[in-house]
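The structure under discussion appears below in the form of structure tokens.
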Amino acid sequence: MSGKVVSLHLGLGSGLPKPRVEVLELVAGFGAKGDRHAGKDPDRAVLVAGLPSYEKANGAGIELPFGALGENLLLDLDPHDLPPGTRLRVGEALLEFSYVCTVCSSLSQFDLRLPKLLYGGRGLYARVLEGGLVRVGDPVQVLLAV
């Protein structure tokens, strides 16, 4: 399975949506350089979301700008189709899915239905095993879970 990077986001301050950037610098064991969550928990270093989450919201009449889910990486595949432990080669970086992101009340600012609608489907947290630059349009190669 493969895909590509659709959008990249870096949360410099508080709140959602996270602003879009063209390049992320991912640091092993740390996260996205400059992101407000970087360095806090290596198992939650970056949040990876997929277009299907936005499509599900859109199908319910909820228009969301990319970055609204708090993701760092938005991919054109559904990370929820992949189990924890799956590794992704994204640009220069190597990521490993750790666990499903919980849906928090901050999503309610866009629509009160959103937390329930995306329960279990917001995105997956990933560890950064190998750092490097990731750019919009970079290929994503799904590697076998270890």
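The values are calculated or read from the model by the stated rules, or taken from the named source; none is laboratory data. Keep in mind it's a predicted model, so treat the numbers as computed, not measured. In this analysis, Cβ positions are derived from the backbone assuming ideal geometry, glycine residues included, and neighbour counts consider all displayed protein chains.
Within the range 57-80, restricting attention to residues that are surrounded by 15 or more Cβ atoms within 10 Å (Cβ to Cβ) and not in a loop (DSSP other than H, G, I, E, B), the residue that is farthest from the chain's Cα centre (by Cα) is ALA57. Looking at the range 82-118, which of its residues are of a type in the set (Ser, Thr, Tyr) and at pLDDT 95 or above? Answer for the range 82-118, where residues must be of a type in the set (Ser, Thr, Tyr) and at pLDDT 95 or above: THR86, SER98. Scanning the range 19-49 for residues that are surrounded by 15 or more Cβ atoms within 10 Å (Cβ to Cβ), part of a loop (DSSP other than H, G, I, E, B) and touching a residue at least 12 places away in the same chain (Cβ under 8 Å) gives ALA28, PHE30, ASP35, ARG36, HIS37, ALA45.
Go through the range 89-119 and count every residue that is in a loop (DSSP other than H, G, I, E, B), in contact (Cβ under 8 Å) with a residue 24 or more places away in the chain and either surrounded by fewer than 19 Cβ atoms within 10 Å (Cβ to Cβ) or among the aromatic types (Phe, Trp, Tyr) (or both). First the steps, then the outcome.
Step one: list which residues in the range 89-119 are in a loop (DSSP other than H, G, I, E, B), which gives 91-92, 101-104, 110-113, 118-119.
Now restrict to residues that are in contact (Cβ under 8 Å) with a residue 24 or more places away in the chain: 91-92, 101, 110-111, 113, 118.
Then keep just the ones that are either surrounded by fewer than 19 Cβ atoms within 10 Å (Cβ to Cβ) or among the aromatic types (Phe, Trp, Tyr) (or both); that gives 92, 110-111, 113.
Of the residues in that region, 4 qualify.
Taking each residue of the range 124-135 that is touching a residue at least 40 places away in the same chain (Cβ under 8 Å) and more than 18 Å from CYS101 (Cβ to Cβ) and looking for partners that are surrounded by fewer than 16 Cβ atoms within 10 Å (Cβ to Cβ) and of a type in the set (Gly, Ala, Ser) with beta-carbon atoms closer than 6 Å, six or more apart or interchain, yields GLU130/ALA28; GLY131/ALA28.
May I ask you to verify whether THR86 is loosely packed, with under 12 Cβ neighbours inside 10 Å and touching a Phe, Trp or Tyr at 6+ places or on another chain (Cβ under 9 Å)?
Values: loosely packed, with under 12 Cβ neighbours inside 10 Å: no; touching a Phe, Trp or Tyr at 6+ places or on another chain (Cβ under 9 Å): yes.
Judged against the criteria, THR86 is not a match.
Per the conditions (1) of a type outside the set (A, V, I, L, M); (2) touching a Ser or Thr at 6+ places or on another chain (Cβ under 7 Å); (3) at positive phi, the sole criterion not satisfied by PRO84 is (3). When the range 93-123 is filtered for residues that are out of contact with any Lys or Arg (no Cβ under 9 Å at 6 or more places or on another chain) and charged (D, E, K, R), the ones remaining, listed by number, are ASP111, ARG113, LYS116, ARG122.
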